[in-house]
Structures are given as C-alpha cells and as structure tokens.
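A.B. asks: Before I ask anything, here is the structure I am working with.
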Amino acid sequence: YLQLAESGGGSVQAGGSLKLTCTVSGTLYSTNSMGWFRQFPGQKREEQREGVAAIYTGDGTTYYADAVKGRFTISQDNTKNIVFLQMNNLRPDETARYYCAAFPGASRPYRDGDNLDPTDVGWWGQGTQVTVSS
C-alpha cells in the first residue's frame, strides 16, 4: 500500500518553470513505475487524466508524452521515494491539476510508443494545481 503526496504547484506566467514533488510513503519496488498525470479544467473523471511522464524505479528509464518532450523532466531521488517533475517553458493550455501516480509492478519500463493509461494506475496522490497565465 502506497500513499502519495504532491507539492510544488502554483501560478506562473507563460514560459516560466515549476518543479513538482511527490513524496511516497510505503515500499516501492524496482518493478514499480512512478508517473505524473494532469487533469484539465472541466474534466471530472479519473479516466480523463492525461499521462505526462513516467520513470521506472529499477533502472531510472524515463518516458515522456510527446506534448512535453524537451520541456519536462521526471526524476527520483536516491531513496526512490521522492519523485520530481521539472516543468519548463510552460504554456497557458497546460493549466491543470497535476497528479502523482504509482503503477503496480511491471517487467519493463514505459517506452516510446506506449501510452500512460490512467486505468493502469494503482495509487494516486491528491493532486496539485498548476496555473499558467498568458
């Protein structure tokens, strides 16, 4: 059983940066991936969340959605229980609530061509709001 807590959201102007932090309570295994999703204003269902990035705890392999490649960076600290999302060059249409997610164990990391499916998530945080103004 895992508990996830996000922090670091806030308001920023277009082109600005924010760094989100997810603190994980519980035991993460090398086969767990950690990820970030976002839910845009007006969306209410968990299944509507959009996958942004993921990292495989075992070897640090990272995955990014095309929309954020080159601008967002996901990382874990040495304990593996803190996951970061560095977001640069933010756009107003990226205003959303950002959620930390933990996936059940898998034999391989997410790779290009895969899709981060919110229905595959095992544990969610409460989310943190990111607002980007123009």
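The values are calculated or read from the model by the stated rules, or taken from the named source; none is laboratory data. Just so you know, these numbers come straight off a predicted model, no measurement behind them. Note that we place each Cβ from the backbone using ideal geometry, even for glycine, and neighbour counts take in every protein chain shown. Side chains are part of the model used for accessible areas, which takes the heavy atoms of the whole protein and leaves out ligands, DNA and RNA. Shrake-Rupley method; radii C 1.70, N 1.55, O 1.52, S 1.80 Å.
A.B. asks: How much of the accessible area of the chain, in percent, comes from carbon and sulfur atoms when a 1.4 Å probe is used? Spell out each step's value before the answer.
C.D. replies: Details: 2930 of 6590 Å².
Ligands and nucleic acids excluded, carbon and sulfur reach 44 percent.
A.B. asks: If you don't mind, there's one more thing I want to ask. Hey, got a sec? Which chymotrypsin sites (Phe, Trp or Tyr not before Pro) in region 18-60 land in a DSSP loop and have at most 13 other Cβ atoms within 10 Å?
C.D. replies: Taking region 18-60 and a limit of 13 other Cβ atoms within 10 Å, the loop chymotrypsin sites (Phe, Trp or Tyr not before Pro) found are Y29.
A.B. asks: If you don't mind, there's one more thing I want to ask. What is the sum of charges around F37, taking Lys and Arg as +1, Asp and Glu as -1, for the other residues whose C-beta is under 12 Å from the C-beta of F37? Show your work: numbers first, answer last.
C.D. replies: Values: positive: R38, R49, R97; negative: E6, E46, E47, E50, D117, D120.
Local charge sum for F37: -3.
A.B. asks: For region 1-115, just the Cα atoms, rotate onto the principal axes and tell me the three extents in Å, largest first.
C.D. replies: Each principal axis gives a Cα extent; for region 1-115 these are 37, 29, 28 Å.
A.B. asks: Residues of region 52-71 with the amide nitrogen closer than 16 Å to a label point 7 Å from the Cα of D117, along Cα-to-Cβ, please.
C.D. replies: 52
A.B. asks: So what is the relative contact order of the chain, in percent, for Cα pairs below 8 Å that sit 6 or more residues apart? Show your work: numbers first, answer last.
C.D. replies: Numbers: 350 pairs, mean separation 48.2, N = 134.
Across the chain, relative contact order equals 36 percent.
A.B. asks: List the lysines whose Cα lies under 21 Å from the Cα of K80, skipping any in the same chain that are fewer than 8 positions away.
C.D. replies: Candidates past the 8-residue exclusion: K19.
A.B. asks: Next question, about the same structure. First select every other residue whose beta carbon is under 12 angstrom from the beta carbon of P118; then total the charges, Lys and Arg +1, Asp and Glu -1. Please list the in-between numbers first.
C.D. replies: Details: positive: R38, R45, R49; negative: E46, E47, E50, D117, D120.
Spelling it out: positives minus negatives among the neighbours equals -2.
A.B. asks: So what J values fall out for region 102-113 if you push phi through Karplus, 6.51 cos²θ - 1.76 cosθ + 1.60 with θ = phi - 60°, rounded to Hz, Gly and Pro as x?
C.D. replies: The phi angles translate into 10, 9, x, x, 9, 7, 8, x, 5, 10, 3, x Hz.
A.B. asks: Okay, which of region 27-66 sit inside 18 Å, backbone N to the point 7 Å along the Cα-Cβ direction of N88?
C.D. replies: 53-54, 62-66
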